[in-house]
1. Looking at the structure I just gave you, is Ala247 out of contact with any Pro (no Cβ under 8 Å at 6 or more places or on another chain) and either surrounded by fewer than 17 Cβ atoms within 10 Å (Cβ to Cβ) or aromatic (Phe, Trp, Tyr) (or both)?
2. Can you work out which of the residues in the stretch 250-284 that are of a type in the set (A, V, I, L, M, F, W, C) and open to solvent by less than 20 Å² (accessible area, probe 1.4 Å) is nearest to Glu182 (Cα to Cα)?
3. How many of the residues in the stretch 154-175 are open to solvent by 20 Å² or more (accessible area, probe 1.4 Å) and touching a helix residue (DSSP H, G or I) at 6+ places or on another chain (Cβ under 6 Å)?
4. Please state which one of Asp208, Asp223, Asp287 is within 17 Å of Asp183 (Cβ to Cβ) and of a type in the set (Asp, Glu).
5. Can you pull out the residues in the stretch 121-144 that are among the aliphatic types (A, V, I, L, M) and either crowded, with 19+ Cβ neighbours inside 10 Å or assigned to a loop (DSSP other than H, G, I, E, B) (or both)?
6. Just give me the residues in the stretch 226-257 being in contact with a helix residue (DSSP H, G or I) (Cβ under 9 Å, 6 or more places away or on another chain) and among the aromatic types (Phe, Trp, Tyr), in sequence order.
7. Among all residue pairs at least 6 apart or on different chains, which show Cβ distances below 6 Å where the first residue, located in the stretch 217-243, is within 18 Å of Arg253 (Cβ to Cβ) and open to solvent by less than 50 Å² (accessible area, probe 1.4 Å) and the second is among the aromatic types (Phe, Trp, Tyr) and not in a loop (DSSP other than H, G, I, E, B)?
8. Open to solvent by 60 Å² or more (accessible area, probe 1.4 Å) and either touching a helix residue (DSSP H, G or I) at 6+ places or on another chain (Cβ under 9 Å) or farther than 20 Å from Arg291 by Cβ (or both): is that true of Arg95 in this structure?
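The values are calculated or read from the model by the stated rules, or taken from the named source; none is laboratory data. Worth saying up front: this structure is predicted, and the values here are computed from it rather than measured. Cβ placement follows ideal geometry from the backbone for every residue including glycine, while neighbour counts extend to all protein chains displayed. Note: accessible area is taken over every heavy atom of the protein model, side chains too, but ligands, DNA and RNA are not part of it. Shrake-Rupley method; radii C 1.70, N 1.55, O 1.52, S 1.80 Å.
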Amino acid sequence: MSYLESLRVFVRVVELGSITSGGRDLRLSPAVASNRIKDLENRFGVRLLNRTTRKLTPTEIGRAFYDNARRVIDTLDEAEALVSSFSGRPQGVIRLTAPLGLGRRLIAPLIPPFCKENPGVEFRLRLSDRNVNIVEDAIDLAFFLGEPADSALKWRKIADCPRVLVASPEYLAQNGTPKAPEDLVDHNCLLLRYPRSPEFYWVLQTEDGPQKMMVSGRFDTDDGDVLTTWARGGEGIANRPLYEVAADIKAGRLVEVLPQNRPLPSQFGCLTPHRRLQDPKVRMFADFAVRELKKIFDR
């Protein structure tokens, strides 16, 4: 078993580029993770990793060993999934990711009730509004808002998520209310951006079909909740999922802008890697989550 554990450590260290990160991902201290790597190198009498003060990369033989070790781990995981499917008792870790606001409001509350029914399952929930590499980060299930583009992933749609443009009453009183999409160029648009993000635009619905609006503003962030906070504080106009700001609109803290030209809705769904045999516990949680989330969006 220790050899297989060392293989897992080596694979995650290569994928995350750091002994510390690889160990943390497997809940091991850097010292234990480092010893696992040394055990492998001593076993084969070769150096598997090049270590410098700034980065860690596999050697030529380390890269070849990683490719084969990754296949071994995948095969083992599939074998365990097969046994679990017959036992009817799901066990092990599910690694999830979701956007920050969506994850806090919709995904995190689903985990405790699922675990009560399936006490052998553990969760690792990672929330980020940045793009996540599901394959490299070994994510089992990713909840997603937008248009999935990676054909290597399996997409399961949950619902269309309406979006709205919102601003505070104070901002609109001071800066005026846009009457048409073109008026947005005169306003401070609050932008969700992250490193290496593409050109920024909002796509609004018009009588002539979807219209791409190149918008700009003084503030941007990679946290969607910060955009809502800025909008409530009178700093500008934000493009937000309706479910995140519905309470603010109802309470009068935010006002919908250009209701006749709402942004195109986002597709809301989940992504999983294509595998020959999907882990039953991942499939069970996906089915559970889709069922519960559809209840929310069908209200």
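1. Considered against the rule, which asks whether it is out of contact with any Pro (no Cβ under 8 Å at 6 or more places or on another chain) and either surrounded by fewer than 17 Cβ atoms within 10 Å (Cβ to Cβ) or aromatic (Phe, Trp, Tyr) (or both), Ala247 comes out as yes.
2. Filtering first and then ranking leaves Leu258.
3. 1
4. Just one listed residue meets the conditions, Asp208.
5. Quick first cut of the stretch 121-144, residues among the aliphatic types (A, V, I, L, M) only: 121, 125, 127, 132, 134-135, 138-139, 141-142.
Those that are among the aliphatic types (A, V, I, L, M) and either crowded, with 19+ Cβ neighbours inside 10 Å or assigned to a loop (DSSP other than H, G, I, E, B) (or both): Val121, Val132, Ile134, Val135, Ala138, Ile139, Leu141, Ala142.
6. Listed by number, the list holds a single entry, Tyr243.
7. Gly234/Tyr171; Asn239/Trp202
8. No; evaluated as a whole, the condition is false for this residue.
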